[in-house]
Each structure stands twice: as C-alpha cells, then as structure tokens.
Amino acid sequence: MAAYTLQRCLGAVKVIHKCGSHSFIARRSLLSTAYTDSKLWDAREKDHQNLALLAALMDRTYDRNFPVSSLSISRFVDNISSREEVDQAEYYLYKFRHSPNCWYLRDWTVHSWVRQCLRYGARDKALHTLKNKVQYGMFPDDFTFNIMIDSFIKDEDFKGACSVVEEVMLQESFDLPTTQILSLYALSNYLATKPELSMSEERALGASLLISGLKQDSSIGLSAQLLGCALLGKVEMAAGIHAVFRGMPLMWTPGYLGRALAVMERVAAAPGDGKLSKDAVDYLEGLLQDLSSASDSSSGEDDESGGEEGKKEEEVVVDEDDQAERDKLPLYASRFKDLSGQLQSRGKVDPSPLQVLVSSLVQQSLASAEGPDMEQYQRKVGEWEAERQQLIRREKEMRERAEEERRAHQAAKAAAKQG
Amino acid sequence: MVKKKRIRLIAEMARKIRAYRELKNRPRESEKYALDYDTMTRPHTRKTLPVLAWQDVRRESRLFSLLSGLRMFGVGHLFTRKSWLTEHPEAPSYWQVTKVKVDYTAEKMTKSPLCVLLFSTGKQESEPKEMDKVMYHDWRLVPKHEEEQFKLYNPVPEPPIRYVSYPPLLRAMLLAQRQKDELGSAAEEPTLPLKRDVLLSKEYFRSQEKKRERQEGTAV
C-alpha cells in the first residue's frame, strides 16, 4: 500500500518535472523563425541544371586535368533535391578542394550546402564536412554557423551543437553577439548534462568557453572565462602545456589555472556589476582539491616505490615548465581560498547555475542582436547574387567567344581546303 | 691530327628527354618533406631525423597544418616560431601572411606561403618576402585575442655607435694618401665604426659588383 502510494507520488513528480522541463526547453529553436527562415534564400533566381549532366561535365573536366569553375560546383550544390544527391555533392566538394581552384570555393556555395543538408535531414553529413574542413574546404561564415548551431539546439543534441561551437572556436569567428550567445547556450546546456569528458573534449570545451566568454563582458562571459581556464588548467596539469595549445588558437605561456585566478581577482576588484556563477567557482574548487590530492598521493607513492618503470616513464615526459606548474599547485589553492572569500564577501557570486544565467541572457539580448544580423545577411545575399550573375555572364561570354573562334577556325580550314 | 668528334644526336636527344622527365617528375614538397612519425624517417630519402629534433617534431606542427585549418588559408594571421620565442624572449618576432600558394595534389594540402611581412625582433621588414623554413616543425599560431598583447614592444634605444682609429700601418697609409690628394690635415681623420654598417649578404655583394662595373665600364 505504502509502496503503491509512493510509486504514484513518484509518477506524479515525474510528470510534473517533465511538464516543467517541457515549458522550459521545449522543442523550439533559440533564433526567431525569421532568422532561420529560408524564404530570402529561396527567393534567389533559380538556375535549374540537371545534376547528372553537371556531374558528367565535372568528371570530364577532371579527367582532362582542366580546372573546374566554382560556378559549376555552386550550381551542383544549389540543385540538390534528395538525400542521395547530398552524398554525391560531398564527393564533388572533396574533389573541388583538391583541384587548383580550391581557393575559389565561394561563400554562398558553403551556405547553400549547409542549408540543403539541413533541409534534407543530412545534418550529420554537414557536421562531418565541417569537422574535416581541411579536406572539404568548409569555412562557413557567421550566419551559417548560427543556423547550424540553432538546428542542433532545436533537437536538443547538445553534443553536436558543442562540436559546431568547437569549429567556430578553431576558426576564431566569435565576432557576432548572436554567435556568442548561441554557443554559450549550447555549451552550458551540454555541461549541465554532466557528461564524461575525455581530455581532448575537455580541451575543446575549455577553449570554446574561454574564447566565447572573452567577448562578452557580463557575468556570464566572466563565468565562462573562469570555467574555460579551469578546464584548460586541468588538461595542462595532466598532460603538459603542449597538449593544451597544439592545434588550437591558444596562448602557449603556461599557467592556465593562474589565469582562472586572475579572472576571479578581476571580478573581485572591479566596481561594476559582473558576478561569477557559483557553478564555475565550485568547479574550480573541486578541481584544485582533486589535483592537490592527486599530486599528494603520487608524491607519496614516489617515496615508497623508488624506481618503478611506470613512474620513470612519466617523469621523462614531464617537462621543466610543467613541473614548475605542478609545484605551484598549493600556491593556487591558497590563493583560490582568499579570492573566493573576497568574492563571497562582496556578493559577487551568483548562486544561480550557469544554465539559468545563459537562458536569461538569451531572452534579453538575442532578439535585439538578431536585427543587425538579418540586415547584414540580406546585404550579403544581394552581393552573392550579383557575383553569381556576373560569373554566369562571364561564362556565357567565354563560351560565345570560344564558339566564334571555333567557327572562324573551321571557316579558315574550309577555305584553305577549297583554295 | 685529332679526329673530328662524332656528333651523337641520339645521345643528345636522350639527355634532353631525361632532363625533361626529371623536371616533370621532381618530387612535390609534400613528398620531399613527408615524415613517418612513428620511426622519424623520411620515406623519400629514408633518412632519420636527428634525435634532438624528435621531441619538437612530435609536439609542434608545421606551418601548413596550421594554415589548412584557417579560413582563406590563414591570410592576415600572425605566426611565430618556437625557436624565435626562446631566442628573443622580449622582442616579438612574427610573420604576417599576405599570400599563399597551394599545392593541391597532396593529400594533406601542402602550401608554400609567399609574400609575407616579417617583424623580427621588433623591427618590420620593408617588403613582403617568401617565408623560409616553412616545413620545420616549429610554428605556432598567435590567437587573435592575444595579438595585441603579443605585438606590444618597447624597443630599448640602441647605444650610439662608437668609433675607433684604424690600425697604425693602415692609418699611416691612409694619411699619406690624403696628403697626396691634398686634402690637408684640417679634415678629420677617418675612423672605423665598431658596428658593421652593412649586412654582408648576397644582395650587398651583387650591388657592389654592379657599382664596380659601372665605374670601370665593361671590358672591351
């Protein structure tokens, strides 16, 4: 009886919880429908081409070692109409990137490729080409990135959204406030699910948090910076500074935990309104404790078992700089205690979790930030259209000229034969 | 009498064809500088890299692997070398990329960045030059948010150049020459600057040769 009522209560609680979470992060995208709408994009002049003919043309051109024009690849991508054709287009994008014209892959081709992928449900394909951007030459602009992140957020695939944010970070294109807000939202939601992070994932998350937080001056930005530095410091302690900055746009001077503490100091000293989220501060505290206990235990083991091979290997790998970093750990721990005390006393620690902060930021600023983005997008679409029309015209002119020359040549040959 | 040398036309043709084939089949940069990271040997020449370089090769990256991940192949970004960071710790030295030439045949996209501006120890080169030592595993990208701080540099003013008199025999010869040319002893005697004015490089010697030719005139 008691168990039955307990079960019913639990069931009720579960239902309520689901309702609550539904209203909070329902299946809705962050960006307004006007932003993600493809009406403006579809309103461009259509250039209907048969994909099979285009494919045959491109194959012939590649066989003869001639360069394929960027116009043909953009036509191919524009005229995709099914999922299989998405795969074919991926192949041709790969070939284009490995041809002499690879520098000329147009922005609008990349944009339309992403739109087509999203339309035909090939989002993982788009993510795959984005991740291997060296091989496919995918360097989307900010608007395209926003659309991609938004579609991932809509389906609550925060891991995928974080992969996209990682790519944005690698290209260092956190210029638009919309991009920053979206990426912070994705990152905070991903962290809220408390996933198991491998070292490379931690590194990527830390770097994305740090760089996206640098642009935002509010409390959410500062907390993101703190959390990012903490994650990077953890990787640094575990694997050395080289493992941190290799392949990432990060500074190579060691001391990321020191930078995290510098952020705290700045917040404590600044007269403004910036606060740090309790999540971030707690994470740093937990991290420092873990690291101190780990280093204590490992040094204890060292004393006990002198020349074990495993320990010897580790010591060979550790660099001088990294050793200096690890020795600073107790210093960091004590400084952290002071700074957190200061922050608490000045009321600069925001008790709400990171997720809530980001959602409030989203509600406040996203709508206003979208406006200038849309205008810029309209202007860009206009420019792209003009460029595309110019390319089409130029191609027509060149074809006409080639035709004329051929005709003149044939006439000359016929005249020579007759005469 | 020496027998007239037989003109071997076919051998001549074969030589030309061989030279042409060698030119056509010369190894691309990507093949020449490819490296097997497990055994630290180059597949092209089967030579092993020196042991002291192994740590750097494993940890750092080549310039093109950094450039390939950037938009427009990294035009406008700054790149430093780890060896410069250790050599001149206080003065920032970096290249800024302005143009890139791409070798598209390689699987991992080799590039030879051309035409970049160099800032070396705080001074800027006047014209864009081609970057050398591109394939060394030594390069680092300066992140955009750190660029300003990286470029900060307060140059220490150089002390003025000191001058010293010439060695005695040479000085005597110079003074005798000047007396013969009737400059008189009123003018200052020539002194030797302690810091070399001119960088002895290929361009300098070429310009000196040209100057000498102009003065002497071409041989008749």
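The amide H of B:VAL100, built 1.01 Å from its N in the peptide plane, has B:LEU114 as neighbours under 5 Å, considering only residues 5 or more places off or on other chains. Rounded to the nearest 10 degrees, the angle from helix A:199-215 to the longest Cα principal axis of chain A is 80 degrees. Mean partner shielding of peptide B:33-40, defined as the number of other chain Cβ atoms within 10 Å of each residue Cβ, is 0. Between A:GLN376 and A:ALA415, the modelled labels are 5.8 nm apart [label points 7 Å from Cα along Cα→Cβ]. For B:SER201 and B:VAL51, what does the FRET efficiency come to when R0 = 22 Å and r is the distance between their Cβ atoms, rounded to the nearest 0.05? It comes to 0.10.
For chain A, find the longest principal axis of its Cα atoms and tell me its angle to the long axis of helix A:83-97, 0 to 90°, nearest 10. Once rounded, the angle reads 90 degrees.
Shielding value for B:134-146 is 4, the average number of Cβ atoms from other chains within 10 Å of each residue's Cβ. The Cβ shell under 15 Å around A:MET138 holds other residues with a net charge of +2, Lys and Arg each +1, Asp and Glu each -1. The local environment of B:THR39, defined by Cβ-Cβ distances under 12 Å, has a net charge of +1 under the rule Lys, Arg +1 and Asp, Glu -1. A simple rule links phi to the HN-Hα coupling: the Karplus curve 6.51 cos²θ - 1.76 cosθ + 1.60 with θ = phi - 60°, which for the stretch A:157-162 gives 8, 6, 5, x, 4, 5 Hz, with x for Gly and Pro. Amide H neighbours of A:VAL349 under 5 Å, counting only residues 5+ apart in sequence or on other chains, H built in-plane at 1.01 Å? So A:VAL349 has HN proximity to A:LEU276. Placing pseudo-labels 7 Å out from each Cα toward the beta carbon at A:SER38 and B:GLN149 gives an inter-label distance of 4.3 nm.
Of the residues A:CYS102, A:CYS162, A:CYS117, the one that moves most in a GNM of chain A with alpha-carbon contacts below 10 Å is A:CYS102. With a Förster radius of 56 Å applied to the C-beta separation of A:SER82 and B:GLN215, the computed FRET efficiency comes to 0.10. Which residue, A:ASP142, A:ASP42, A:ASP282, has the most motion in a Gaussian network model of chain A that connects Cα atoms within less than 10 Å? Among A:ASP142, A:ASP42, A:ASP282, the largest mean-square fluctuation in the Gaussian network model of chain A belongs to A:ASP42. With respect to chain A, whose longest principal axis is taken over its alpha-carbon atoms, helix A:278-304 is tilted by about 70°. Among A:ALA402, A:ALA126, A:ALA260, the largest mean-square fluctuation in a Gaussian network model of chain A (Cα springs under 10 Å) belongs to A:ALA402.
Diffusion coefficient (Stokes-Einstein, Kirkwood radius over C-alpha pairs, 25 °C, 0.890 mPa s) for chain A: 97 µm²/s, rounded to a whole number. A simple charge model with +1 on the Cβ of Lys and Arg, -1 on the Cβ of Asp and Glu and nothing else charged puts the dipole of chain A at about 2260 debye relative to its Cα centre. Taking the helices alone, chain A has a mean residue ellipticity at 222 nm of -25000 deg cm²/dmol, built from -39,500 (n - 2.57) per DSSP H run of at least 4 residues and averaged over all its residues.
All of the numbers you see were taken from the coordinates with simple rules; none came from a lab. Model, not experiment: these values are computed from the prediction. Quick reminder, even Gly has a Cβ in these numbers, built from the backbone with ideal geometry, and neighbours come from all protein chains shown.
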